[in-house]
1. Please give, to one decimal in nm, the separation of the simple spin-label points placed at Leu91 and Lys66, each 7 Å out from Cα toward the Cβ.
2. Distances over 18 Å make up what percent of all Cα-Cα pairs in the stretch 25-169?
3. Please list, by residue number, every one of the trypsin sites (Lys or Arg not before Pro) in the stretch 111-143 that is coil in DSSP and has at most 11 other beta-carbon atoms within 10 Å.
4. Among Lys103/Lys217; Lys66/Lys197; Lys26/Lys202; Lys26/Lys95; Lys103/Lys202, which pairs are too far apart, with a Cα-Cα distance over 27 Å?
5. What is the ratio of the Cα radius of gyration of the stretch 11-252 to 2.2 N^0.38 Å, with N the residue count, to two decimals?
6. Add +1 for every Lys or Arg and -1 for every Asp or Glu among the other residues with Cβ under 13 Å from the Cβ of Asp213, and state the total.
Amino acid sequence: MNNEFELTDGQYLGANIQKILLYPWKMIDYYLYLTRTVELGRTSENRLDETHLLTTNGFFQIDYDKLYSCITTPSINYVAFLALPVPSAGLPDRKIILGFDLKSHHLQAHLVDHASRRLADLGRVWSRAELIIDIQADRFLDILVSTLDGHLEILRVGMIGYFQESTRELHSALDLVIAIQFGQFLSDFAELLGEDKVQFTKFYQRYDEQMRDLLLKGSTRAWFAARDGLSIEQYRQREMNQPVLFDLFYEPSDVPSSKLRLLQQQVERPGESFLIPPARDIHAFADVATAIPAIVMISVLMVD
């Protein structure tokens, strides 16, 4: 694991994002990051037409109806569907590019230091992109279902990171935002996996809502605490008493040992024992109400 670079901590965020996303404690509200930055202006309709194919001549936008014909084209393997802005020290153009390998069915994330949010411009910097997440779609869904259906404590350190599917140490909240976007892409393009889109969307909707609700409830709790005049230290101490707490006030390398105790029980292959097959069955989906614990999805942001 490369620990010399922390994706979520830095001194640059941009004036507009600072106004929208920061708590009074100078911490990022990741629910607002998701809704006001990542997904602002993105609808179910335009998501289908925002995908860009990687070709020998760069990235080109492709319509939803034409994407499936590319699966059988030997020279076309990869499609990018979203550029996530990353708060980072001195690098305002740093992005995480989310994509999908049409042949291997792997969900992927690439880190690019200098990129615009226009996917069509990626060709100029793609040779310097670093692959940081590379996970088979079925495994991602198994991890997602197993975590949200019975092991929410994994979210304390991030499910993608916990299952060792990232080469970079992502903040837990950013980990969850990426998981939401991965799942949304699979729901939009379920046919790529050979799934019935209606059935898959029905299966996935509950998990999508659960992840978003975790972010929303954490955002709400933190804003009320700030309104009540609590300091970051007071709020952190208060949240320590919650029975299920995904406390994101700590950097990944500095999570209190008490929060890692359960995770450290995995000795041979971390996380594997949590995957109880079959972890998902879209045809056996039932609408079961799921209790959503309060969650604090914010991270420390260093601001001069």
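Bear in mind that the values in this text are calculations on the coordinates, not laboratory data. This one's a predicted model, so the numbers in the text were calculated from it and none came from an experiment. All Cβ positions, even for glycine, are placed from backbone atoms using ideal geometry, and neighbour counts span all protein chains on display.
1. 3.3 nm
2. Here the long-distance tail beyond 18 Å is 63 percent of all Cα pairs in the stretch 25-169.
3. Taking the stretch 111-143 and a limit of 11 other Cβ atoms within 10 Å, the loop trypsin sites (Lys or Arg not before Pro) found are Arg118.
4. Correct reply: Lys103/Lys217; Lys26/Lys202.
5. Numbers: Rg = 18.3 Å, N = 242, 2.2 N^0.38 = 17.7 Å.
Working it through for the stretch 11-252, the quotient is 1.04.
6. Charge balance in the 13 Å sphere: +2.
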